[in-house]
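**Q** Take this structure first; my questions come after.
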Amino acid sequence: GGFFPSFPFFSDAICNFVICNDSSLRSQPIIFNPDFFVEKLRHEKPEVFTELVVSNITRLIDLPGAELAQLMGEEDPKLPGANSTASGFFRSLMSLKRKEKGVVFGSPLTEEGIAQVSQLIEYLHKNLRAEGLFRVPGNSIRQQILKDALNSGTDIDLDSGEFHSNDVATLLKMFLGELPEPLLTHKHFHAHLKIADLTLFDEKGNKTSTPDKERQIEALQLLFLILPAPNRSLLKLLLDLLYQTAKKQDKNKMSAHNLALMFAPHILWPRNVTANDLQENITKLNNGVTFMIKHSQKLFKAPVYIRECARLHYLGSRAHTSKDDLDLLTSSGSKELQPLKSQKRSRLDSCHQEETQQRTEEALKELFRHVHNMPDSAKKKKLIRQFNKHPTALTPGSDVPTSPAPRRTRSRSFSGLIKRKVLETPVILERKSRDTTPEPVRVSKENVQLLQKCGSPAHMCHAKLKSLEGQKEESCRRIRARLLSKDSSSL
């Protein structure tokens, strides 16, 4: 029950997130509205929500005390022409029209009123090509018939051909013009004038005449958030329609500016005022509505920092009330969290490496056992040779060494890993003969160089013996020569 649950804008604004036990629907994609917490905060804690949004509006535009109090609803709006004693024909006519209240026309926005008017908007979406749409008036008799039908709640078949698109367009403007206050409300009037003045600054900090579109969009997003919910819902429907109409201006000859001239008096101008009452503000107001039409697809999304503040509010974390605070938190928080993130990442990497190494070791053990238990074959010999390629490779079958081997430096080879993890002790890998092989003699660098020049010690001894034998033979030859010489002299 109540106003909000059955209201069409409420279901759209909250979300289409449904928990469903029907297995046939579980495969459907879940659409989550990013503004869910924003809408939740707006409906459950309107005072907190309004303070959050208004604090950011005042960051963008300068609102004096009286205008801020009017925006907050603490004071009645002071509007142009309100104190004027002039009573022109136009003002009297509009007052008379609003006194004749019907169920839809001339009454405050209601669920039934928006449902009836949405029929007009839906019909116009299908008939946007009519030239002069919203500018060319329709037939007054057909309009009255249609108006009476909407007021009485009668079902209307707009596609029957009885009504023209100009009849429907004129009736939509009439509905907006007969509302007790403009669609954008009297409270927001001065804020819209200030938004129109938002311009860019040059390098020296001086104001320029170039509009600051980004700030204007942000300010309108915030201002639309604190509109009454029915007004915001109908405004979105209307701006969508005008946006699509302007996209077809090559057919209907109605640009965004032309449409703004038609609708600004109905959705933004204060009631009971004339163009003379507004004077220099008319251009600002018309340009403001033109801007809304052109950027309508961006204006009904809450700024990111408002979404984040609303989310943090419901998650019990510290909520920040402005974009600047949120930016500051993000920048400082990221710097503080960086070392923590790197530490966590290094711990995760270390755990991952240990787990991977453990699995590798287990796999190597299993592989060695499998090879060792294989029956003797050429394949087994080949696998064992592969294990024995490295100096520290593992010899299958030598589960426990018969004698302690000298301690070796740790090997990081594949076979060395198997040796350490399977047998748990170092093993000499060379194929041993039954006799023990003496340890190799360590030689110095100088000895190595000498050996390279002179050859091996055995070779040196053999050469020396040959030299001695040669010397002995030479001595014998000389003695024989002397003896022969003596014998010959004696003869």
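The values are calculated or read from the model by the stated rules, or taken from the named source; none is laboratory data. It should be emphasised that the depicted structure is a prediction, and the values quoted were computed from it without experimental measurement. In this analysis, Cβ positions are derived from the backbone assuming ideal geometry, glycine residues included, and neighbour counts consider all displayed protein chains. Surface areas here come from the heavy atoms of the whole protein model, side chains and all, with no ligands, DNA or RNA. Shrake-Rupley method; radii C 1.70, N 1.55, O 1.52, S 1.80 Å.
**Q** Using Cα-only point scatterers and the Debye equation, what is log10 of I(q)/I(0) for segment 104-180 at each q in 0.15, 0.16, 0.24, 0.27 Å⁻¹, rounded to two decimals?
**A** Result of the Debye calculation: -0.46, -0.52, -1.21, -1.50.
**Q** Report, by chain and number, residues whose modeled amide H sits under 5 Å from the one on Asp212, excluding near sequence neighbours (fewer than 5 apart, same chain).
**A** Residues meeting the criterion, in which the H sits 1.01 Å from N, are Thr199, Leu200.
**Q** Taking 8 Å as the Cα distance limit and 6 or more residues as the minimum spacing, I'd like the relative contact order of segment 104-180 as a percentage.
**A** 51
**Q** I'd like the FRET efficiency for Met262 and Leu200, computed as 1/(1 + (r/R0)^6) with the beta carbon distance as r and R0 of 30 Å, rounded to 0.05.
**A** 0.55
**Q** Given the protein chains as shown and a 1.4 Å probe, how many square angstrom of Arg59 are accessible, to the nearest 10?
**A** Surface accessible to solvent at Arg59 totals approximately 70 Å².
**Q** Taking only C-alpha pairs under 8 Å that are 6+ residues apart, what is the relative contact order of segment 197-300 in percent?
**A** Contact order relative to length: 29 percent.
**Q** So, taking all protein chains as they sit and a 1.4 Å probe, how much accessible area belongs to His370, in Å² rounded to tens?
**A** About 120 Å², ignoring ligands and nucleic acids.
**Q** Using a 1.4 Å probe and ignoring any ligands, DNA or RNA, find the accessible area of Ser209 and quote it in Å² to the nearest 10.
**A** Around 110 Å² of this residue is reachable by solvent.
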